[in-house]
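Quick notes on the structure that follows.
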Amino acid sequence: MTEKNIIKSETTVKAFPMFTAEPAALGLIGLAVAALVLASTDLGLTSNASKSLMIPWVLFFGATAQLVAGAMDFKRKNIFGATVFTTYSMTMYSISLTLFITIFTDVEFDITHYAYGLIAILVFSIIATAASLMTNKILFAILTFVDLAVIVLIAHYLYDVSAVPAGIFLLLTSVFSFYAAAAILLNTMADKTILPLGSAIWKP
């Protein structure tokens with residue numbers, strides 16, 4: 001076969017950039033809902049008999065919504081949002097499973113294991129709080145309230161300290177998270193600042 005009879009076919013595929021919507025509003029709403037549900041128990045607003053009903057809210061909002069937001073932030077190369085949302089998501093999955101084991105099974109458990117898990121989360125959360133100094137004031141406030149809530153819960157499980165202060169800090173976490181989610185959603189839709197988040201505290 002001569003060279004003239006050879007048909008060459010070339011296909012050119014043009015790559016288009018993939019745009020991913022800002023996932024922080026979803027992650028913050030998930031955190032806000034889960035924190036509010038958890039706070040209701042620590043503040044004594046609900047009975048211990050209804051603890052099992054916390055599981056779906058913590059599982060779907062606190063865990064799954066934050067996991068989706070974290071995965072999307074990895075795609076957007078946002079290391080802060082990706083790491084924080086994903087880690088807090090795994091924390092909420094752990095809380096959900098702990099609630100399930102303690103409520104629905106007869107397995108013998110030592111709650112101090114849970115406390116030491118919270119200590120590990122506190123270490124990460126303090127690191128994340130330091131990093132949030134380079135984001136905005138509202139995110140810094142949210143992470144600070146999370147830190148304080150976890151500290152009180154560690155003391156509660158290890159030394160039987162009242163969980164009410166933890167409930168207060170979780171409630172504040174919820175309020176500020178709802179505000180941050182609203183700010184991101186409204187500011188993005190309006191393409192201008194409607195609700196301020198505050199500038200970064202630390203600009204290295």
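The values are calculated or read from the model by the stated rules, or taken from the named source; none is laboratory data. Quantities reported herein were computed from a predicted structural model and do not represent experimental measurements. So basically every Cβ, Gly included, is an ideal-geometry build from the backbone, and we count neighbours across all protein chains shown. Side chains included, ligands, DNA and RNA excluded: accessible areas come from the protein's heavy atoms. Shrake-Rupley method; radii C 1.70, N 1.55, O 1.52, S 1.80 Å.
For (1) at pLDDT 95 or above; (2) open to solvent by 90 Å² or more (accessible area, probe 1.4 Å); (3) of a type in the set (Gly, Ala, Ser); (4) not in a loop (DSSP other than H, G, I, E, B), each residue gets a yes or a no:
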site: Glu10; (1), (2), (3), (4): no, yes, no, no
site: Ala25; (1), (2), (3), (4): yes, no, yes, yes
site: Gly30; (1), (2), (3), (4): yes, no, yes, yes
site: Thr41; (1), (2), (3), (4): no, no, no, yes
site: Gly70; (1), (2), (3), (4): yes, no, yes, yes
site: Asp73; (1), (2), (3), (4): yes, no, no, yes
site: Phe80; (1), (2), (3), (4): yes, no, no, yes
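State whether the residues of the stretch 121-134 include one that is part of a helix (DSSP H, G or I), open to solvent by 80 Å² or more (accessible area, probe 1.4 Å), of a type in the set (Ser, Thr, Tyr) and within 23 Å of Gly30 (Cβ to Cβ). Break it down stepwise before answering.
The first filter runs over the stretch 121-134 and keeps only residues part of a helix (DSSP H, G or I), leaving 121-132.
Now restrict to residues that are open to solvent by 80 Å² or more (accessible area, probe 1.4 Å): 123, 126-127.
From what is left, the residues that are of a type in the set (Ser, Thr, Tyr) are none.
Looking through the stretch 121-134, none of the residues is part of a helix (DSSP H, G or I), open to solvent by 80 Å² or more (accessible area, probe 1.4 Å), of a type in the set (Ser, Thr, Tyr) and within 23 Å of Gly30 (Cβ to Cβ).
In the stretch 103-111, is there at least one residue being open to solvent by 60 Å² or more (accessible area, probe 1.4 Å), touching an Asp or Glu at 6+ places or on another chain (Cβ under 9 Å) and in a helix (DSSP H, G or I)? Taking every residue of the stretch 103-111 in turn, none turns out to be open to solvent by 60 Å² or more (accessible area, probe 1.4 Å), touching an Asp or Glu at 6+ places or on another chain (Cβ under 9 Å) and in a helix (DSSP H, G or I).
Of all residues in the stretch 136-175, those satisfying the criterion of being out of contact with any helix residue (DSSP H, G or I) (no Cβ under 9 Å at 6 or more places or on another chain) and charged (D, E, K, R) are Lys137, Asp160. Scanning the stretch 43-68 for residues that are under 26 Å from Val161 (Cα atoms), part of a helix (DSSP H, G or I), among the hydrophobic types (A, V, I, L, M, F, W, C) and open to solvent by 60 Å² or more (accessible area, probe 1.4 Å) yields Ala49, Leu53, Trp57. The listed residues are Thr86, Thr98, and the only one of them that is part of a helix (DSSP H, G or I) and under 12 Å from Leu31 (Cα atoms) turns out to be Thr86. Within the stretch 150-181, the set of residues being touching a residue at least 40 places away in the same chain (Cβ under 8 Å) and of a type in the set (Gly, Ala, Ser) comprises Ala163, Ala166, Gly167, Ser174, Ser177, Ala180, Ala181. Give me the pairs, please: first residue somewhere in the stretch 184-204 and open to solvent by 90 Å² or more (accessible area, probe 1.4 Å), second residue anywhere and of a type in the set (S, T, N, Q), beta-carbon distance under 6 Å, and either six or more positions apart or on two chains. Between residues of the stretch 184-204 that are open to solvent by 90 Å² or more (accessible area, probe 1.4 Å) and residues that are of a type in the set (S, T, N, Q), the close pairs are Thr193/Asn187.
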